[in-house]
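All remarks here apply to the structure that follows.
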Amino acid sequence: LDGIFIPIKDDIDCYPHPTRGGTVWLHKVREVKQDAVCVKRLRSCGVILVGKANMHELGMGTTGNNPHHGTVRNPHSAQRYTGGSSSGPAALVASGLCPAALGTDGGGSIRIPSALCGVVGLKTTYGRTNMEGTSCEGGTVEVVAPIAATIEDVMLVYAAMLGSSARDVTTLKPFPMLALLGSLKLGKYSNWFNDVYSNEVSNTCERILSLIIVLPEIEEMRAAHLVSIGSEKLSYDVRLNMALFESFSGANYVASQRLRRRIMYYYMEAFKKVDVIVTPTTGMTAPIIPESALKIGETNLQMSGYLMRFIVAPNLLGLPAISIPVGHDKDGLPIGLQLIGQPWAEATLLRLASAIEELKRPVIFYDIL
């Protein structure tokens, strides 16, 4: 990675620059004294850290709208959102300015913008990557991971940021070599798969599927994730002024963790039948940015619901997942396919993703060479 440009999402420490988390105040109460572990490892590989990338404020949104620092525009259509919260990293990669970027994913924050911008976004198994030095460290749903233009680039950054340590078994063999795929069973739960805003999304993602399975309690899973991430954000004293999160009680959190364990059982049972669960990454393509939202932000729960429709299971259950571009809708907007794997099965996901990778440059693209 020597000499490669890589931007860092603004909730990851990159010394000596402040970490604002998309706010105008976080850097005043959270001092950056050194690089995050993932940044330190990239720096040791010769990466040129070109700057901090914009994001949805505090990571608590799916669009990338940020009235403080500007709303990031989608390189495929400047009138549309990139998705969030890793909006800046995805847009920088999609526009060709950088081959890869670092983001974080607690509720689809890597995979949503990757899908909407037509790039590759990896969400690792919980605990696979070191969260030390990020503003979201300590939670139970977040990971730090790469966004890149290709599967191979994701693999290179993924391997570099993991590093190696005899004391940490999760980083002993981080680099999954590309190899010929053996027989894999891909599972689709039709009721979930087809729950999209436009049939263009589900029809495009219909390929490469061979087995139908049932994953119960989808709505309960979404509720458990919301309570988990909302309660954990509040425990950091990050007051989002959101009455919904502040209304969660300790009993709600305990109940959500019980539900989390129950849903994990269903998924592990499914993985006895299939190797990879396949869904669209998002239930819709990139939404149009309302002019009024640029100054005051936007709350659109229906839109957020479609963007997060298939996202929360890997976060809630700690499973690895990857979003890869597989086509475009009638407006030329990217459609992403999500692959969800068993715990620690990043190698399988990356090998499968490399076999089905289909890339197309967006309208806005800078050839830096």
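The values are calculated or read from the model by the stated rules, or taken from the named source; none is laboratory data. Keep in mind the model is a prediction, meaning the values are calculated, not measured. For neighbour counting, all protein chains shown are included, and Cβ atoms are generated from backbone atoms with ideal geometry for every residue, glycine included. Note: areas computed on protein heavy atoms with side chains; ligands, DNA, RNA excluded. Shrake-Rupley method; radii C 1.70, N 1.55, O 1.52, S 1.80 Å.
Overview of values
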{"read-out": "Glu291 vs. criteria at pLDDT below 95, surrounded by fewer than 16 Cβ atoms within 10 Å (Cβ to Cβ) and closer than 30 Å to Phe5 by Cβ", "value": "no"}
{"read-out": "Lone unmet requirement of (1) open to solvent by 20 Å² or more (accessible area, probe 1.4 Å); (2) within 18 Å of the chain's Cα centre (by Cα) for Val39", "value": "(1)"}
{"read-out": "Counted residues, segment 151-163 - those being over 19 Å from Ser87 (Cα atoms) and open to solvent by 10 Å² or more (accessible area, probe 1.4 Å)", "value": "5"}
{"read-out": "Identity of the residue in segment 1-35, open to solvent by less than 40 Å² (accessible area, probe 1.4 Å) and of a type in the set (A, V, I, L, M, F, W, C), that ends up nearest to Ala94 (Cα to Cα)", "value": "Ile6"}
{"read-out": "The one condition in (1) surrounded by fewer than 24 Cβ atoms within 10 Å (Cβ to Cβ); (2) at pLDDT 95 or above; (3) assigned to a loop (DSSP other than H, G, I, E, B) that Ser109 fails to fulfil", "value": "(1)"}
{"read-out": "Enumeration of residues in segment 294-343 that are of a type in the set (Val, Ile, Thr) and open to solvent by less than 20 Å² (accessible area, probe 1.4 Å)", "value": "Ile311, Val312, Ile322, Ile324, Val326, Ile335, Ile340"}
{"read-out": "Glu358 at pLDDT 90 or above, open to solvent by 10 Å² or more (accessible area, probe 1.4 Å) and acidic (Asp, Glu)", "value": "no"}
{"read-out": "Among (1) more than 21 Å from the chain's Cα centre (by Cα); (2) under 22 Å from Leu92 (Cβ atoms); (3) not acidic (Asp, Glu), the one test that Leu350 misses", "value": "(1)"}
{"read-out": "Any hit, segment 278-300, residues being more than 19 Å from Leu186 (Cα to Cα), touching a residue at least 40 places away in the same chain (Cβ under 8 Å) and in contact with a Cys (Cβ under 9 Å, 6 or more places away or on another chain)", "value": "yes"}
{"read-out": "Helices (runs of 4 or more DSSP H) wholly inside segment 208-275 that include at least 2 residues being open to solvent by less than 30 Å² (accessible area, probe 1.4 Å), hydrophobic (A, V, I, L, M, F, W, C) and modelled with pLDDT of 85 or more", "value": "250-270"}
{"read-out": "The listed residue being of a type in the set (Gly, Ala, Ser), assigned to a loop (DSSP other than H, G, I, E, B) and modelled with pLDDT under 95, out of Gly332, Gly305", "value": "Gly332"}
{"read-out": "Residues satisfying the stated conditions in segment 112-150, i.e. buried (at least 24 other Cβ atoms within 10 Å of the Cβ) and assigned to a loop (DSSP other than H, G, I, E, B)", "value": "Gly118, Val119, Thr124, Thr129, Ser135, Cys136, Glu142"}
{"read-out": "Qualifying positions in segment 68-105 - surrounded by fewer than 24 Cβ atoms within 10 Å (Cβ to Cβ), more than 25 Å from Gly139 (Cβ to Cβ), in contact with a Lys or Arg (Cβ under 9 Å, 6 or more places away or on another chain) and not basic (Lys, Arg)", "value": "Gln79, Gly96"}
